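Sharing a structure here in structure tokens format.
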Protein chains: 2
Amino acid sequence: MTTSHQLSIVDMGIDTHQEPVVYMRSDCHICRSEGFTANNRVTLRYGENCVIATLNVVEGQLLAPDTAGLSKIAMHRLGAIEGQKLTVSHAPVVTSLSSVRKKVFGNKLSDIEIAVIIKDISTHRYSDIEIASFLSVCAGGRLDVDEIIGLTQAMVACGQRLSWPGQVMILDKHCIGGLPGNRTTPLVVSIISAAGLVIPKTSSRAITSPAGTADTMEALTTVNLDLADIRRVVEKTNACLAWGGAMNLSPADDMLIRIERALDLDGEGQLIASVLSKKIAAGSTHAVIDIPVGPTAKVRSSKEAERLASLFTHVGAACGIHIRCLITDGSQPVGLGIGPVQEARDVLSVLQGDANAPQDLRERALFLAAHLFSLSFQESYEQGIERATAILDEGKAWQQFQHIVKAQGGIKPLPEARYQHTEVVPGTCRLTSIDNRKLARLAKLAGAPASLAAGLRLHVKVGDVLTEGAPLFTLFSDSEGERDYALAYYREQVTLFMFNQQ
Amino acid sequence: MTTSHQLSIVDMGIDTHQEPVVYMRSDCHICRSEGFTANNRVTLRYGENCVIATLNVVEGQLLAPDTAGLSKIAMHRLGAIEGQKLTVSHAPVVTSLSSVRKKVFGNKLSDIEIAVIIKDISTHRYSDIEIASFLSVCAGGRLDVDEIIGLTQAMVACGQRLSWPGQVMILDKHCIGGLPGNRTTPLVVSIISAAGLVIPKTSSRAITSPAGTADTMEALTTVNLDLADIRRVVEKTNACLAWGGAMNLSPADDMLIRIERALDLDGEGQLIASVLSKKIAAGSTHAVIDIPVGPTAKVRSSKEAERLASLFTHVGAACGIHIRCLITDGSQPVGLGIGPVQEARDVLSVLQGDANAPQDLRERALFLAAHLFSLSFQESYEQGIERATAILDEGKAWQQFQHIVKAQGGIKPLPEARYQHTEVVPGTCRLTSIDNRKLARLAKLAGAPASLAAGLRLHVKVGDVLTEGAPLFTLFSDSEGERDYALAYYREQVTLFMFNQQ
């Protein structure tokens, strides 16, 4: 029966994101004999490899008889070669879905139930709608502390895990996100490692923002390091500033985040497990978590921030990692540049002690570094800030940054954008607010982060009193289309910058 | 800006079920300038028509430059023609998703919030994962009675609604499902309408079962009636036995059921709203609901059945429809035939008073008809059963059935299956149980309901004492492949029939 269920593979080149899709003709013998219809879940076998995929049924001439098309992720996961044979059969019953239904019915899940769900998700046994169902019934405060601990440990268990022999303390920092420009990581890592502490920092690329730390660092040096490279750089410099995406530290998290984002669901349990599982898998022992609070930031009230902070600390302790949460001002962007190159310029100007360097970015980085020192050396915040400021002001952080970048492959010159356009202030006024989300979208429409040089540079901060015709921001883009599209968006967004007439 | 966002339409012929998908080249100017990536939600505009679709990004040669491929449902909803221009832009924010998030956070939804969600779902503004999220947080008893009433009324509001001028009472019957063969509808409708009562019955085709009432009736006559046909048949005969699928009575329900089924989630609130909204939209005033209970039926415990019955009655009353729920034996199939033609044979044999007609099917139909009489004429069940039995035994139901079928287009001869195979009893024993679900799957693997003649006929009922070599069931199929595949499945299912050795 098995051999009769074979079709020749066609690479469709279709990106269905993470969900494997198989395209089969409605008149093919397998669809007919199995009674398969669109959206059925099926098992694809190719040699030793096997994935569960969603079926799309094709009518007409898109596929030749006796062939099956595969989406990009299905090709990739199977390691398939065009023209080779694929076996298609009914998908097995995924028994952990009964635990999801248990959660639908409001019951608490055990550590083992959570572990099996996460294992099945990480091995791609869940469809997107099944993941959406799981996330939805876990959000809204429906995971208790035990369940969040279980979820964190389950996520660690199904990925790779780093260890750092000979090191007692491994530091990390993380920002919950939502503030454009807030590029403190390269500064904090340079300050902390300049003091001899180990901080092997891996960061993400932008997902919904105009730049992630990995994008900003990519404008300056190589970030696509494998595990051996990371070890070598850390041995040499006590730190790294690498992209974490290739390391498979929390494969389940990647599956969950994608659906969470599509649903615009920020389940706190999921958020905590996501952040902490990656820290634990990376071998971190101590971390500070920056939680910016503001009306257009990710976290919008102090109450929410305090609840998050308490859960982070509690779950971290249960999983053996020391967490200090810092609730910070999230009312406006930090720094002046937004987009990889523009943020890199801010970082460099702070490191180099440039007189025009954005003071808010400098202060935010010193504040975070001071708390990491306080945590590591068991000293007061005041001692920490003194230590951090000295390292930065004496140029040791800048030296250390160059040391790290050199170990990662050397510094690259920052590219210039092909098009620049400066918007001016409409009349004499005081700037009362900036909408973080809309500003981020403006920078993205200009082409960030795909074009490293694209983005924008603010010439103002909230509270500034401005005269008519003074520069408000400069937009950078690599194509006329992107520039025009971004400016058209800007002209429609009357609440992006809010002014009080003076 | 709008005209530059156009591409030429290509009909991909891909059935993505209900979710519209647009296929766009990764290097097309729209993906680049909008920053679109796989799984983004986009708005497709074609002339006056507009749908929200999910983006799949194509690399390679599947699409020519400046073209966009559309899935079948996207072509259909847009009424698109190949080669014409399509405009693609960011999907609008669907504001009712904030109500879904409110429900995620455990808050009660108002009637208006529910109405907007259902309206948005019925007009295809939700992605599948968004529908999955909504269903998941409404299941598990998380909708209270008010919310179920709101959901029912919202579903009625967004579809067509029938009225029957001059009729005070419009009857209906519904079975929650899960029992193979249980084809009481044609019998009940014939008995009830023979007594002069109006019962314009529309039924569904099989979704997960080997036959729906519409499939069984399709083996006998025309069921694909439009509204004018239904009115004409009902005026002539007081009844019809039509397929309800073309009538658009509850478009939101169609969207929800599809995802519910994929998640294997039977949210009771959703179930009640689904059933009652269709009855109310069809203009029904009185209905009996058959709730079979058994270990392999849809409802597995009396407690669950009683809770459902209470909610059905309560919500029905609030929506102005009289509901009587009947909790029945769901431990084994009803009747002997399974699959459209085989079930039609059982129905005909009961109507014709055949001595070999399955008694359990006859009794179940009389029981349901008696309750409808009791509800309509405000008489006792005993009076109802007397009335129903007389109508059936005097041949009036059979006359009435022929009358209805004639009005729908006349009777068709039942086709014979090309292949028949009879399994025999392994040894002298007593049959102790039949697994409804596995039996249904066996009939489906044989080709039911796509092949009307496919399915199976039981030669035994639970409790029968059987001798070695006696016939157990006969399998009907139209291809050798389906026969072999079904029999291979049967040989693996040791718990499909359970025997006690005698």
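The values are calculated or read from the model by the stated rules, or taken from the named source; none is laboratory data. Every value quoted in this text rests on a predicted model; they were computed, and no experiment measured them. Neighbour counts are summed over all protein chains in view; Cβ atoms, including those assigned to glycine, are modelled from backbone coordinates with ideal geometry. The accessibility values were calculated without ligands, DNA or RNA, using every heavy atom of the protein model including side chains. Shrake-Rupley method; radii C 1.70, N 1.55, O 1.52, S 1.80 Å.
In whole percent, what relative contact order does chain B give with Cα contacts below 8 Å and a gap of six or more residues?
14
Measuring with a 1.4 Å probe in the full set of protein chains, what accessible area per residue, in whole Å², belongs to the range A:104-154? Show your work: numbers first, answer last.
Working: 1660 Å² over 51 residues.
Averaged over the residues of the range A:104-154, the accessible area is 33 Å².
Tell me whether the range A:3-90 comes out rounded, prolate or oblate; compute the Cα gyration tensor, take square roots of the eigenvalues as a ≥ b ≥ c, and use a/c under 1.5 as the rounded threshold.
Rounded, since a/c falls under 1.5.
Moving to a separate point now. With a bin width of 20 angstrom, please list the P(r) values of chain A as percents of all Cα-Cα pairs, from the 0 bin to the one holding the largest distance.
21, 49, 27, 3, 0
Next question. Across peptide A:479-485, what mean number of C-beta atoms from other chains lies inside 10 Å of a residue's C-beta?
What the average comes to for A:479-485 is 3.
In Å² (nearest 100), what accessible area is buried between B and A, both sides summed, heavy protein atoms only, 1.4 Å probe?
4000
Here's another thing I want to ask about it. What pairs in B:108/B:279; B:102/B:438; A:278/B:119; A:102/B:201; A:173/A:412 have C-alpha atoms more than 29 Å from each other? Intermediate values should be presented prior to the final figure.
Working: B:108/B:279 26 Å; B:102/B:438 40 Å; A:278/B:119 40 Å; A:102/B:201 36 Å; A:173/A:412 25 Å.
Correct reply: B:102/B:438; A:278/B:119; A:102/B:201.
If DNA, RNA and ligands are ignored and the probe is 1.4 Å, what is the ranking of A:45, A:418 by accessible area, most exposed first? Let's see the in-between values first.
Numbers: A:45 115, A:418 170 Å².
Largest accessible area first, the list is A:418, A:45.
Write down the accessible area per residue of the range B:362-463 in Å², having rolled a 1.4 Å probe over the full set of protein chains.
Numbers: 4580 Å² over 102 residues.
That works out to 45 Å² per residue.
Kindly provide the helix-only [θ] at 222 nm of the protein assembly as shown, computed as the sum of -39,500 (n - 2.57) over DSSP H runs of four or more divided by all residues, to the nearest 500 deg cm²/dmol?
-13000 deg cm²/dmol
May I ask you to report, in nm to one decimal and beginning with the shortest, the distances from residue A:383 to the same position in the other copies, taking label points 7 Å along Cα-to-Cβ?
Label-point separations across copies, in nm and ascending: 9.4.
Please determine, in degrees from 0 to 90 and to the nearest 10, the orientation of helix A:359-377 with respect to the longest principal axis defined by the Cα atoms of chain A, where the helix direction is its Cα long axis.
Roughly 70 degrees between the two axes.
Can you put A:403, B:314 in order of accessible area, largest first, using a 1.4 Å probe?
The most accessible residue leads, giving B:314, A:403.
Provide the per-residue ³J(HN,Hα) series for the range A:471-478, in order, calculated from phi with Karplus coefficients 6.51, -1.76, 1.60 and θ = phi - 60°, each as a whole number of Hz, with x at glycine and proline positions.
Taking θ as phi minus 60°, the curve returns x, 9, 7, 10, 9, 10, 8, 9 Hz for the range A:471-478.
Next up: For the range B:373-448, what does the alpha-carbon gyration tensor say about shape, rounded, prolate or oblate, given a ≥ b ≥ c as the root eigenvalues, a/c under 1.5 as rounded, and a/b over b/c as prolate?
It comes out oblate by the Cα gyration axes.
Now for a different question. For the range B:253-259, what does the Karplus curve 6.51 cos²θ - 1.76 cosθ + 1.60, with θ = phi - 60°, yield as ³J(HN,Hα) per residue in whole Hz, taken in order and with x for Gly and Pro?
For the range B:253-259, the Karplus curve yields 4, 4, 5, 6, 4, 4, 7 Hz.
On the protein heavy atoms, probe 1.4 angstrom, tell me the percent of accessible surface of the protein assembly as shown carried by carbon and sulfur.
Numbers: 19140 of 38890 Å².
Carbon-and-sulfur percentage of accessible area, whole number: 49.
Moving on. Please name which of A:64, A:115, A:132 has its Cα lying farthest along the dipole of the range A:44-141 towards the positive end, using unit charges on Cβ (Lys, Arg +1; Asp, Glu -1) and the Cα centre as origin.
Selected residue: A:115.
Right, here's the next one. Ranked by accessible surface with a 1.4 Å probe, highest first, in what order do A:279, B:119 come?
The ranking, largest first, comes out as B:119, A:279.
Need one number: % antiparallel among DSSP beta bridges in the range A:3-90, to the nearest 5.
That works out to approximately 65 percent antiparallel.
Quote the accessible area belonging to residue B:164 in square angstrom, nearest 10, computed with a 1.4 Å probe and with ligands, DNA and RNA left uncounted.
30
A further question on this structure: Shortest first, in nm, what separates the label point of residue B:50 from those of the same position in the other copies (7 Å along Cα→Cβ)?
4.7
Rounded, prolate or oblate for the range B:359-502? Axes are the square roots of the Cα gyration tensor eigenvalues, ordered a ≥ b ≥ c, and the cut-off for rounded is a/c under 1.5.
oblate
Quick one: with label points 7 Å out along Cα→Cβ, list the inter-copy distances for residue B:470 in nm, shortest first?
Inter-copy label distances (nm, one decimal, shortest first): 9.8.
Could you work out the mean count of beta carbons from other protein chains within 10 Å of each residue's beta carbon in B:37-47?
Taking the mean over all residues of the peptide, I get 2.
Please give the contour-minus-distance gain from residue A:313 to residue A:396: 0.36 nm per residue of separation, less the Cα-Cα distance, rounded to one decimal in nm.
So the extension gain works out to 26.7 nm.
Which whole number gives the average count of other chain Cβ atoms within 10 Å of the Cβ atoms across peptide A:135-142?
For peptide A:135-142, the averaged partner shielding equals 6.
Something else: Can you give me the angle between helix A:227-237 and the longest principal axis of chain A, using Cα atoms only, in degrees from 0 to 90, rounded to the nearest 10?
20
Sequence-distant or interchain residues sharing an amide H contact under 5 Å with residue A:290, placed H: which?
A:174, A:175, A:176, A:326
A further question follows. Given H placed on each backbone N at 1.01 Å, which residues far from residue B:433 in sequence or on other chains put an amide H within less than 5 Å of it?
B:498
Quick one: what are the phi-derived ³J(HN,Hα) couplings along the range B:91-101, Karplus 6.51/-1.76/1.60 with θ = phi - 60°, whole Hz, x for glycine and proline?
With coefficients 6.51, -1.76 and 1.60, one gets 5, x, 6, 8, 5, 5, 4, 5, 5, 4, 5 Hz.
What does the charge count near residue B:232 come to, summing +1 for each Lys or Arg and -1 for each Asp or Glu among other residues with Cβ under 14 Å from its Cβ?
0
While we're on this one: Students often get this wrong, so check it: of A:303/A:461; A:72/B:85; A:298/A:406, which have C-alpha atoms separated by over 29 Å?
Where the Cα-Cα span goes over 29 Å, the pairs concerned are A:298/A:406.
How much net charge surrounds residue A:278 when only the other residues with a Cβ under 13 Å from the Cβ of residue A:278 are counted, with Lys and Arg +1 and Asp and Glu -1?
Working: positive: A:161, A:173, A:201, A:279; negative: A:172, A:253, A:254.
Surrounding charge for residue A:278 is +1.
Further question: Rounded to the nearest 20 Debye, what is the dipole magnitude of the protein assembly as shown about its Cα centre when Lys and Arg each give +1 and Asp and Glu each give -1 at the C-beta?
Result for the protein assembly as shown is approximately 320 debye, rounded to the nearest 20.
Still on this structure, I have one more. Which parts of the range A:83-105, residue by residue, lose 30 Å² or more of accessible area when the rest of the protein chains are there, as against the chain isolated (1.4 Å probe)?
Correct list: A:90, A:101, A:104, A:105.
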